[in-house]
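To start, the structure itself, in structure tokens.
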Amino acid sequence: MSFHGSHSCTAVDRQRRSRWYAVFFVASTLLVAKCTSADRHEGTPAIYASTPVVAYIVGEVTGDDLRVESLIPPGRSPHAFELRPSDVRSLSQAALVVIAARNLDEWIAQLPSVPRVALMDFIPDSLTLPRGSQEPNPHFWMDPMAVRLVAGALAESLCEIEPERCERFRDNAFSMQTRLDSLHRLISDRVGGGPVPGLIVSHPFLDYFSARYGLRVLNIAPGSGSLEPSPGDMAQLITAARSGAYGAVATERSEPSAAARTIAEAAGLPLLSIDPIGGLRGLSSYDQILLSCLEQIHRADG
């Protein structure tokens with residue numbers, strides 16, 4: 001009995017030591033990787049992107065050659081973002097500041113003279129959509145084919161600040177464009193696989209997605225989600241929601257809409273909270289943002 005008990009204890013000890021060795025190995029590997037990444041980026045210029053989704057797009061083109069950081073935290077709306085003094089200090093030393101659009105990232109006007117790029121400037125007029133009185137609609141990234149055009153133009157802008165890395169930027173942009181072609185085909189196949197319900201949307205952040213894939217969309221407010229409709233408009237929207245033409249009401253996660261909730265409750269429709277910005281769990285890449293959007297729309301139909 002004594003022998004077997006001693007043997008069992010030794011086996012347990014060995015298992016515990018093995019687990020600790022494994023944990024130590026993983027932790028050491030992560031630490032080395034982190035230090036290696038830090039060493040690789042030491043002395044390289046930093047690029048600041050306005051939001052996580054813009055950082056995803058920029059990071060695809062830069063690869064590991066440049067440090068890309070998102071300025072606006074996940075879950076925060078660019079419409080409500082205000083620069084802090086620490087942000088101004090960091091941005092004043094950036095090699096490049098990349099925003100989605102000037103009429104979305106309005107805080108950019110407060111910055112001193114720093115190199116900047118608005119990705120919306122790369123979108124041809126033939127692909128831009130209006131947003132009420134504010135043209136163009138800045139949410140272009142919800143169309144992967146628009147982002148495909150941005151990738152090549154962004155690579156050329158990066159070549160101007162880092163010419164010795166130019167070929168890598170162009171190669172990365174080409175790889176990204178190839179992957180976006182596959183993403184576009186995937187979404188097209190899923191949308192074309194059966195009827196997709198129309199959506200009543202808090203504001204026009206899904207217009208590019210709906211235009212690309214032929215979805216019916218009715219916007220509650222023509223501008224940002226902070227604009228609420230009049231009582232008369234609300235009555236018309238509720239009537240439309242009850243017509244059977246729409247399967248859900250959608251609002252942007254970072255801009256909750258009281259009007260959207262009221263319409264959903266009045267019509268008995270599900271209320272979707274869609275995140276077009278990213279940075280939160282499960283939305284750590286551009287592809288995941290679009291596929292998550294599509295999944296929620298399909299779930300509403302189910």
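Within the bounds of the range 236-243, is there any residue that is crowded, with 19+ Cβ neighbours inside 10 Å and touching a residue at least 40 places away in the same chain (Cβ under 8 Å)? Yes - at least one qualifying residue is present in the range 236-243. Filtered by the rule that a residue be of a type in the set (S, T, N, Q) and either surrounded by 16 or more Cβ atoms within 10 Å (Cβ to Cβ) or more than 24 Å from Glu160 (Cα to Cα) (or both), the range 91-109 gives a lone residue, Asn103.
Could you say whether any residue in the range 78-90 is on the phi > 0 side of the Ramachandran plot and modelled with pLDDT of 55 or more? Within the range 78-90, none of the residues are on the phi > 0 side of the Ramachandran plot and modelled with pLDDT of 55 or more.
The residue that is nearest to Asp171 (Cα to Cα), counting only those in the range 60-111 that are small (Gly, Ala, Ser) and in a loop (DSSP other than H, G, I, E, B), is Gly63. Residues in the range 115-161 that are in contact (Cβ under 8 Å) with a residue 40 or more places away in the chain and in contact with a Lys or Arg (Cβ under 9 Å, 6 or more places away or on another chain): Asn137, His139, Met142, Asp143, Pro144, Met145, Ala146, Ala155, Leu158. Residues in the range 263-294 that are hydroxyl-bearing (Ser, Thr, Tyr) and surrounded by fewer than 18 Cβ atoms within 10 Å (Cβ to Cβ): Ser273, Ser284, Ser285, Ser292. Selection within the range 198-235: residues that are farther than 24 Å from Pro144 by Cα and of a type in the set (D, E, K, R). The member of this set that is surrounded by the fewest Cβ atoms within 10 Å (Cβ to Cβ) is Asp233.
Looking at Leu269, Leu237, just one residue is among the aliphatic types (A, V, I, L, M), closer than 15 Å to Pro197 by Cα and at pLDDT 90 or above, and that residue is Leu269. So is Thr29 among the polar types (S, T, N, Q) and modelled with pLDDT of 95 or more or not? Spelling it out, it is not the case that Thr29 is among the polar types (S, T, N, Q) and modelled with pLDDT of 95 or more. Restricting the range 139-162 to residues that are assigned to a helix (DSSP H, G or I) and in contact with a Pro (Cβ under 8 Å, 6 or more places away or on another chain) leaves a set whose member that is nearest to Ser188 (Cα to Cα) is Met142. Condition test on Leu158, is it closer than 16 Å to Ser292 by Cα and surrounded by 18 or more Cβ atoms within 10 Å (Cβ to Cβ)? Judged against the criteria, Leu158 is not a match.
The values are calculated or read from the model by the stated rules, or taken from the named source; none is laboratory data. The structure displayed is predicted, hence computed values, not measured ones. In this analysis, Cβ positions are derived from the backbone assuming ideal geometry, glycine residues included, and neighbour counts consider all displayed protein chains.
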